[in-house]
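S.K.: Below: one structure in structure tokens.
The values are calculated or read from the model by the stated rules, or taken from the named source; none is laboratory data. These numbers come from a predicted model, not from an experiment. Neighbour counts are summed over all protein chains in view; Cβ atoms, including those assigned to glycine, are modelled from backbone coordinates with ideal geometry. When the accessible area is computed, the model is the full protein with side chains, heavy atoms only, and any ligands, DNA or RNA have been set aside. Shrake-Rupley method; radii C 1.70, N 1.55, O 1.52, S 1.80 Å.
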Amino acid sequence: VITLPVSFGSPSNARTEFITFDVIDMHYPYNAVFGRGLLNIFEAALHSAYLCLKVPATFGVLTIFGS
């Protein structure tokens, strides 16, 4: 188990929270899996059809797009 700071946004408008990860040794195509706990901590809205995550920040809403 490790706790790391996770940040979304740019230096001028960022949101950072400390997230606790369970670390395991296994073959998996992703480096990290963000679940419901992370979404709740960041008060994020996930739009899976658009591959988009919206997170409230100090100076407005951050929009993070996936690929």
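S.K.: Please identify which residues in the range 1-38 have an amide N closer than 13 Å to a label point set 7 Å out from the Cα of Cys52, following the Cα→Cβ vector.
M.R.: From the range 1-38, the list is empty.
S.K.: Moving to a separate point now. Within 10 Å, count the other beta carbons around each residue, average over each peptide in 50-57, 13-20, 1-8, and list them highest first. Present the calculation step by step, with values, prior to reporting the outcome.
M.R.: Details: 50-57: 14.8, 13-20: 13.2, 1-8: 10.6.
Packing proxy ranking, top to bottom: 50-57, 13-20, 1-8.
S.K.: For a quick check: with amide H placed at 1.01 Å from N, whose amide H comes under 5 Å from Asn13's, ignoring anything fewer than 5 positions away on the same chain?
M.R.: Excluding prolines and chain starts, which carry no amide H, there are no hits.
S.K.: Next up: Can you run phi through the Karplus equation (6.51, -1.76, 1.60; θ = phi - 60°) for the range 53-67 and list ³J(HN,Hα) in whole Hz, with x for Gly and Pro?
M.R.: Running phi through 6.51 cos²θ - 1.76 cosθ + 1.60 with θ = phi - 60° gives 10, 10, 10, x, 9, 4, 10, x, 8, 8, 10, 10, 9, x, 9 Hz.
S.K.: Just the number please: accessible area per residue for the chain, 1.4 Å probe, all protein chains included, in Å².
M.R.: Details: 5350 Å² over 67 residues.
Computed with neighbouring chains in place, this is 80 Å² per residue.
S.K.: Using a 1.4 Å probe on the protein chains only, how many percent of the accessible area of the chain belongs to carbon and sulfur? Don't skip to the end; give the middle numbers.
M.R.: Working: 3090 of 5350 Å².
The value for the chain is 58 percent carbon and sulfur by accessible area.
S.K.: Report relative contact order for the chain in percent, whole number only (criteria: Cα-Cα under 8 Å, sequence separation at least 6). Intermediate results must be reported in sequence, preceding the final value.
M.R.: Values: 88 pairs, mean separation 18.8, N = 67.
Normalised by residue count, the contact order of the chain is 28 percent.
S.K.: Taking all pairs of distinct Cα atoms, average 1/r, flip it, and tell me the Kirkwood hydrodynamic radius of the chain in Å to one decimal place. Write down the numbers at each step before the final one.
M.R.: On the way: mean 1/r = 0.0761 Å⁻¹.
Mean inverse Cα-Cα distance, inverted, gives 13.1 Å.
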